[in-house]
Amino acid sequence: MHLRGFSFIEVMVVIIILGLLSSIVGVYLFDSAEKAKADATRTQIRGLETALDLYRLHNSRYPSSEQGLKALLDKPEVGLIPKNWNGPYLRGNNLPEDSWDSPFKYLSENGNEYEIISLGADGIEGGVDLDADISSSDF
């Protein structure tokens, strides 16, 4: 009686092929997850834009840089105090953060325009690919 089975070499070849396939799929899935974070951050910025538009509708101007996004939660106590503040303009008691758990930067100098910025995955200004800044002015 002759027992047949797989040789050690055959088993190793199969393991190597599976390893190569899993590394290719793993890189693809990791890349997709990071791109999803960037898309989620863009969605959060759009939500903040909606709240800022409602703030402007009530107060005739956007909050100043000094007042920041916090003006969407609490009536500002610095700068030009809005007379018709009717907030909070966001749900919850906290300002949203980007997908990398960093606060958004908010800039507004004249009350007529603003920019909301996420510094991306690296949390540093500039960068490329997933480290690139995401700005409301790019939409």
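Below are the figures for this structure:
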{"quantity": "Any hit, region 124-139, residues being hydrophobic (A, V, I, L, M, F, W, C), assigned to a strand (DSSP E or B), in contact with a Gly (Cβ under 8 Å, 6 or more places away or on another chain) and surrounded by 13 or more Cβ atoms within 10 Å (Cβ to Cβ)", "calculated": "yes"}
{"quantity": "Lone qualifier among Leu90, Leu95 - being touching a strand residue (DSSP E or B) at 6+ places or on another chain (Cβ under 8 Å) and assigned to a loop (DSSP other than H, G, I, E, B)", "calculated": "Leu95"}
{"quantity": "In region 91-132, the residues that are touching a Leu at 6+ places or on another chain (Cβ under 8 Å), without any contact (Cβ under 8 Å) to a residue 40 or more places away in the chain and within 16 Å of Thr43 (Cα to Cα)", "calculated": "Leu95, Ser102, Pro103, Lys105, Glu115, Ile117"}
{"quantity": "The lone exception for Ala71 - which of (1) touching a Pro at 6+ places or on another chain (Cβ under 8 Å); (2) in a loop (DSSP other than H, G, I, E, B) it fails", "calculated": "(2)"}
{"quantity": "Qualifying residues in region 45-60 (those that are surrounded by fewer than 19 Cβ atoms within 10 Å (Cβ to Cβ) and touching a Pro at 6+ places or on another chain (Cβ under 8 Å)) - the one farthest from Asn110 (Cα to Cα)", "calculated": "Gly47"}
{"quantity": "Only listed residue being loosely packed, with under 12 Cβ neighbours inside 10 Å, farther than 30 Å from Trp100 by Cα and either free of Cβ contacts under 8 Å to residues at least 60 places away in the same chain or small (Gly, Ala, Ser) (or both), chosen from Phe8, Phe30", "calculated": "Phe8"}
{"quantity": "Given (1) farther than 27 Å from Ala33 by Cα; (2) modelled with pLDDT of 95 or more, index of the condition Ser135 fails", "calculated": "(1)"}
{"quantity": "Region 30-83: number of residues that are modelled with pLDDT under 95 and in contact with a strand residue (DSSP E or B) (Cβ under 8 Å, 6 or more places away or on another chain)", "calculated": "1"}
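The rows are residues; the columns are (1) under 17 Å from the mean Cα position of the chain (by Cα); (2) under 28 Å from Ile134 (Cα atoms).
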position	(1), (2)
Leu20	no, no
Lys35	yes, yes
Asp39	yes, yes
Thr50	yes, yes
Lys70	no, yes
Pro88	no, yes
Gly111	no, yes
Ile117	yes, yes
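The values are calculated or read from the model by the stated rules, or taken from the named source; none is laboratory data. Computed from a predicted model, the values in this text were never measured in an experiment. A quick note on method: Cβ atoms are made from the backbone with ideal geometry, for glycine too, and the neighbour counts reach across all protein chains shown.
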